[in-house]
Structures are given as structure tokens and as C-alpha cells.
Amino acid sequence: MTWLYRTLSTSVGKKQLMAITGLLFLLFLCTHLLGNLSIYGGPTSFVSYAEHLHALGNLLVAAEVIMALALIIHVITAVVLFFENRAARPIAYNVDKSGGGRTFSSQTMPYTGLLILGFIGVHLATFSHHIVDQTTRNIFLIATDVFSHKGYLAIYLLGVIIVAFHVRHGLWSAFQTVGANHPKYMPFIQKLSIVFAVIVALGFGSLPLVVLSLR
Amino acid sequence: MSSKSINLTLKVWRQPGSKAAGRLETYQADNIPTDASFLEMLDIVNQRLTLAGKEPIAFDHDCREGICGMCGTVVNGRPHGPERETTLCQLHMRHFKDGDTVVIEPYRARAFPVIKDLVMDRSALDQIIMAGGFISVNTGQAAEANSLPVPKDKADLAMDAAACIGCGACIAACPNASAMLFTSAKISQFALLPQGRPEAAKRALAMVACMDGLGFGNCTNHKECEMECPKGISISNIARLNREFIKAALVSQEK
């Protein structure tokens, strides 16, 4: 298996790890958003969605384990890449101007990533059924409590916007890295990156407002 | 042809040797004809420096017609200056305005140590080529052209990749100093043609391994390389490198 280790330690291999785990997170964002949009159907449908999700049992545990592993791989690889890339240019330019390639999103990936990691911590600490007791209060009441707190609401909204910026570069970048760049569909994927980022920001961003309006 | 003249303030990176410390020095470049190329402007400045008994600015150049890949410095933060798909030797002073300040620096990358002033050691790119940027066949006489059919679109794509002159601007432009565009162009020009297929897997693995060992950064898809490449090499070549590498690593016999 030394060939596998060698493959994954190359620059291209490390990028594959980033891309594949990144694509998993994008899939997770889709399911997470679709599920949580049930709040638009009112508290009953939201709570029923949560109950059905938890009723999946081991399937849900498996998904959680995969996400946790993907997160560990994504973060460790990102840290390695970050320091390698910094080391590749020991002397900075006196004048550094963009030729029009890099975007705010692409330049801030390591930093938005770090902030997202912190956000995931806060988010799990305030919502996860592993941490927050859901036997006495249902998920709607928990969400109401959390979002009524102005500080948490601000962290949540900021977190969602940061995720959107990360996704805006991450989505098309992941496709490019796994080699899926084709003149027929690459322009679509690049637009999809922006559209998906907006959907993430508006979709998740609207949830606390709906929760608070139903309170 | 009547030519306009402009006066410029140059801030040039001066470094006496590879081990010496360098710094930006300011020079007044007055009366520069706008018809001069950027390198001719440096020639004029150097002539004046020489006549004044000062050390002229060392810079790389060779063909001065945009095909050899020898010239290239970072001008106001842009490799080869501000014009799209233009090498430094083909950049003309008419693109600058009277009174402009022009900052001229060498490419900055761990893999490209500065030898003197604006001259960098870019032999790292030669090492990547030596790792696999060739076809191991005895050439002999030129084969009959139609004995090996190549579709026109493939030939065009291969030619687009082969347009790379190896100047290193992609590395200079990349925020991570990654050599992926260069390496991908070299891998693509062979991978797209039947002559290059037999060694495609070996080539992809060897060239990527060599590139990694030279201290270049990792590609994070900023696309700066594509924007600054004087030959307009597309990052679709990087996607092809990724495909070739994955194929080579996962399904080829190569270890």
C-alpha cells in the first residue's frame, strides 16, 4: 500500500483529498438544507423531520462517522497545504497585483475554513443531539432558544455567510481538481458555484428568521 | 515615424549575488521612446548606468521576439507586465504613461533562487522536463504522416499546450508559487498525441514527483497562472494533469 500513501502525499494527491472530502461536504450541505427547509412547513413538520432523521439509527451514525473522518482529512490536509504553500514563496513581492484570476473567496480559503471549523464547534454545541438534550425539548424549541440569543444568532448568520464564500471557490475548484474540466460544462459549474453559494447563504440564513417568526 | 518620449521612475530589485541581500533601488529613466520594448528601455537605462560608471541591471533575455521564454520579471506586481498574452520583450513602453513609477522585481519562488538582480535560476523547470517531458523512441527518419492519424481537434489542443515557452510566469503569478500550469502543459502536449500515450502514466507520476521535490507550492485553483501566461495556456491542462495522474496512480502498472 506504499503506492497509495505515496500517491496521496503528492501535491495532486493532497488536492484530491481536499476535493473529494469537499464534495462530500457539499452533498451534506444539500441534504442539511433540504431537511431544514421543512421549517417552512411549520414547527410540526420541522420536528417530524428531525424525528425521522434520528429514526435512521445506525445509518445516521455511519453518515456522522464519514463526515467526521472527512472533516479530519480536510482540515489536516489543508493545514499541510497552507504551510507548504507559504514556504514556496519565502520572499514576498513588493508589489503584488492580480491578473484577474484570484477571487476574494479563493484567497481566503484557509481563513474561511478555519472560521467554519470554529462555527461547526459552536453549531454542534448548540444543536447536536449528542450534546444538547433533546428528550425534554424538541428541536424547534431548542432552535427558538438558540436564535433568541442575539450573540448566537449573529454567529450563525456570520457562519452561514462564511460557508457561502468557502463554497463559492470550493465547488468549481473541487471539480477542476478531480479533473472534471470540460468546455461544455465548466462554464456551468463555475456559475453553479456562485448560485450554490447564494442558495446556501439565503437558504440557511433564512432559517432562524422563520424559526423566530413562528415562535 | 515620430516617437513620443516618456519619463519614468524605476524601482528595480538589485542583488549583487545569490547569497547577497537585495533591495529596491530607484532610478530615473528619462526620455524613453514609447516605441521601445520594455527590455530596450532597460538597455537604455543600462547604457546610462554604464556610462556613469555604475553596475548595469542584470536581466534575462534572448530571442526578444516572444518565443524563447528567457525574459520575464514582475512589473508592477504582474509577471511580464500588464498586457495579456505578452512576454516582457514584446511589451512596449507605449503601455506606460509619462511619470509612471515602475517596480521591477524577479519572480519570487523558493524553486527560483535569484542569481543576480532580475536573473533567476529557473533550472527547476528543466529538471521537471528531464523527469519525463520526452518520448523515448528512436526517431530515425520522419514517419509517413498519414501512418499515424491524429484528429485535428486533438492536434490543436496538443499544440495549444506545446505553446508553453517555459518562462515560469505561471509560477511567479501563482499565490502559492505552484508549477502546475507548466507541468500540466508539458504532460498534456504528449498525453493528447498517440506518440505520447505509451509513456503517459510513467510521465505523469515522474513529473509530478519531481515537481513536488523542487519546492514549488500546491495548486489551489486561483487561475492567476492562466491570466498571466504569455501563451494563454488554459488551466484545463491542469485538469488533464489531474486526470492523467489519477489514472496513472490508480489503474496503471506504474509504481
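Summary table
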| read-out | value |
| --- | --- |
| Restricting segment B:128-148 to residues that are touching a residue at least 12 places away in the same chain (Cβ under 8 Å) and exposed (fewer than 12 other Cβ atoms within 10 Å of the Cβ), the residue that is nearest to the chain's Cα centre (by Cα) | B:S136 |
| Residues (over 18 Å from the mean Cα position of the chain (by Cα) and among the β-branched types (V, I, T)) located in segment B:209-255 | B:T220, B:I246, B:V251 |
| Identity of the residue in segment B:12-36, under 19 Å from B:D60 (Cα atoms), in a loop (DSSP other than H, G, I, E, B) and in contact (Cβ under 8 Å) with a residue 24 or more places away in the chain, that ends up nearest to the other protein chains (Cβ to nearest Cβ) | B:G22 |
| Condition broken by A:V160, with the remaining ones in (1) modelled with pLDDT of 95 or more; (2) in contact with a Lys or Arg (Cβ under 7 Å, 6 or more places away or on another chain) satisfied | (2) |
| Unique match (being without any contact (Cβ under 8 Å) to a residue 60 or more places away in the chain, under 18 Å from the mean Cα position of the chain (by Cα), away from chain B (no Cβ under 14 Å) and within 24 Å of A:G205 (Cβ to Cβ)) among A:L34, A:L69 | A:L34 |
| Residues of segment A:68-88 that turn out to be in contact with a helix residue (DSSP H, G or I) (Cβ under 6 Å, 6 or more places away or on another chain) and either β-branched (V, I, T) or more than 30 Å from B:R108 (Cβ to Cβ) (or both), as a count | 3 |
| Filter result (in contact (Cβ under 8 Å) with a residue 24 or more places away in the chain and exposed (fewer than 14 other Cβ atoms within 10 Å of the Cβ)) within segment A:45-55 | A:H54 |
| Subset of segment B:208-255 (residues that are at the interface with chain A (Cβ under 7 Å from one of its Cβ atoms), part of a loop (DSSP other than H, G, I, E, B) and over 14 Å from A:G101 (Cβ atoms)) | B:G215, B:F216, B:N218, B:K255 |
| Test for A:L153: is it closer than 24 Å to A:L24 by Cβ, within 20 Å of the chain's Cα centre (by Cα) and not small (G, A, S) | no |
| Hey, A:G42 within 14 Å of another protein chain (Cβ to nearest Cβ) and in contact (Cβ under 8 Å) with a residue 40 or more places away in the chain or not | no |
| Residue list for segment B:69-88, filter: of a type in the set (K, R) and either in a loop (DSSP other than H, G, I, E, B) or more than 11 Å from chain A (Cβ to nearest Cβ) (or both) | B:R84 |
| Checklist (1) surrounded by 14 or more Cβ atoms within 10 Å (Cβ to Cβ); (2) of a type outside the set (K, R); (3) more than 12 Å from chain B (Cβ to nearest Cβ) applied to A:N58, failing item | (1) |
| Residues located in segment A:80-124, provided they are in a helix (DSSP H, G or I), of a type in the set (V, I, T), more than 10 Å from chain B (Cβ to nearest Cβ) and within 17 Å of A:G22 (Cβ to Cβ) | A:T112, A:I116, A:I120 |
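For (1) surrounded by fewer than 24 Cβ atoms within 10 Å (Cβ to Cβ); (2) aliphatic (A, V, I, L, M); (3) touching a helix residue (DSSP H, G or I) at 6+ places or on another chain (Cβ under 8 Å), each residue gets a yes or a no:
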site	(1), (2), (3)
B:A191	no, yes, yes
B:Q195	yes, no, no
B:A201	yes, yes, yes
B:A209	yes, yes, yes
B:H222	no, no, yes
B:S234	yes, no, yes
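The values are calculated or read from the model by the stated rules, or taken from the named source; none is laboratory data. Because the structure is predicted, anything quoted here is derived from the model rather than measured. Every residue, glycine as well, gets a Cβ built from its backbone with ideal geometry; the counts of neighbours run over all protein chains shown.
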